[in-house]
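Beneath this line is the structure, given in structure tokens, with notes to follow.
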Amino acid sequence: MIHTPEHINTINPYVPGKPIEELERELGIAGSIKLASNENPIGPSPLAIKALRKGMNDLNRYPDGSCYYLRQALSESLQVKPEEIIFGNGSNEIIELAVRTFLVPGDEAIMAHPSFVVYSTIVQAVQGKNIIVPLKDWRHDLQEMVSRITKKTKLVFIANPNNPTGTINTRTEMNAFMEKVPEGVLVVVDEAYYEYVTDSEYADSMQYFRKGRNILILRTFSKIYGLAGLRIGYGTAGAEIIAAMNRVRQPFNINSLAQKAAVAALRDEKHLAKTKLVNEKGKKYLYKNLDALKIAYVPTDANFIYIHLKDKTAPQIYDSLLKKGVIIRPMGNNAIRVTIGLPEENKRFIETMETVVRL
Ligand SMILES: Cc1ncc(COP(=O)(O)O)c(C=O)c1O
């Protein structure tokens, strides 16, 4: 028997959103919709698809381990040096790289709850200690988070906007937080939904990076760029931080098709604008109809909405929606998270929800 260490045995495995094919196979139904994983409902950028078709001819070759063209393109658009960027197999991998690079057993990482669950999983996997700070008014309580920093703290995770609540932290809150963070702590600002934000108070994390602060900013091609299936994300930080993480990174972690698609998607302003428009319209539609159903929700700056339900009804409502071919995400006993979809998907969600909450 292989012995699995206790700190691995006690990790709660990540439960991904149920794939449509799996649901339909299990229930013998067709025409289901998935609003569970905050994916882009309009599909990938058409320019990316074109680049992928062309790129297929070179699949016999290893990818470019440095992601040269994508690095150049991003360095230009972000106005940072090429050596201040790191790529990951999804921003998930960069979270893992940061933890594996900077945390040793017994070190502490501070994060909010509920927030993106991957932070705590990886910290536990390397025998770090998770310091969990509950959200306040559905937003990161940055004051409390900074007060929990000790000599053992190596990382602080801030998802801005936060998943699952879609809330942001403001410039004023972040300024106050950053003023108090000591030198030896790396602040990881996870901006997976950055491009969707409309709130003018949203904190510009790049300004801290430009001031030379210890900050790692994460973004992804999985959400607004519609390339979740290709797995590619990026991080921006000072060159020393990136160089340290590169020691841990696998040499060919970004496949060649993902690199080519990402370069094309970055330039596809039309696709970006259309995605934002679909999201904004969908958001308004869902707000209006949830209000009409007297269902409470947290206003969002992302492409999903956190919905409150009556006590302990969330698992039931998730199941009932599933049986009717609508896949959303249960969030404990009292809430669900729904991705903003295409107009017809949003309509189907509301209509199904109406029948389900009445039960
Ligand atoms: C807050 C947040 N960070 C990071 C990720 C990881 O995204 P990816 O690995 O696809 O870039 C997600 C995905 O849902 C997320 O919600």
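Readers should treat all values here as calculations from the given coordinates under stated rules, not as data from a laboratory. Since the model is a prediction, treat every value here as computed from it, not as a measurement. No Cβ is skipped: glycine too gets one built from the backbone with ideal geometry, and neighbour counts run over all protein chains shown.
Structure summary
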{"quantity": "Radius, Kirkwood style, for region 1-87 when every pair of distinct Cα atoms is counted (Å)", "calculated": "18.3"}
{"quantity": "Theoretical FRET efficiency, 1/(1+(r/R0)^6), r = Cβ-Cβ of R213 and K312, R0 30 Å, to 0.05", "calculated": "0.10"}
{"quantity": "Rg and Dmax of region 131-286, Cα atoms only, in Å", "calculated": "16.8, 48"}
{"quantity": "Cα-based convex hull, the chain, per residue volume (Å³, whole number)", "calculated": "164"}
{"quantity": "24 Å Cα-Cα threshold exceeded, pairs from K50/K270; K34/K284; K18/K323; K136/K310; K50/K283", "calculated": "K50/K283"}
{"quantity": "Local electrostatic count, Y287, Cβ distance below 12 Å [Lys/Arg +1, Asp/Glu -1]", "calculated": "+2"}
{"quantity": "Cα gyration tensor shape of region 18-141, rounded if a/c is under 1.5, else prolate or oblate by comparing a/b with b/c", "calculated": "oblate"}
{"quantity": "Residues E240 and T355, FRET efficiency given R0 of 51 Å [Cβ-Cβ distance, rounded to 0.05]", "calculated": "0.35"}
{"quantity": "FRET efficiency estimate (nearest 0.05) - Cβ-Cβ, S75 to K288, R0 56 angstrom", "calculated": "0.85"}
{"quantity": "Helix-only CD estimate at 222 nm, as mean residue ellipticity for the chain, using -39500 (n - 2.57) per DSSP H run (n ≥ 4)", "calculated": "-12000 deg cm²/dmol"}
{"quantity": "Computed label-point distance, nm, for sites S66 and K180 using a 7 Å Cα→Cβ extension", "calculated": "4.3"}
{"quantity": "Sparse-neighbour loop sites [GluC sites (Glu not before Pro); region 127-197; at most 15 other C-beta within 10 Å; DSSP]", "calculated": "E183"}
{"quantity": "Charge context of P343, other residues only, Cβ under 14 angstrom, K/R +1, D/E -1", "calculated": "+3"}
{"quantity": "Amide H within-cut-off set for L186, under 5 Å, with H built and near neighbours excluded", "calculated": "L155, V156"}
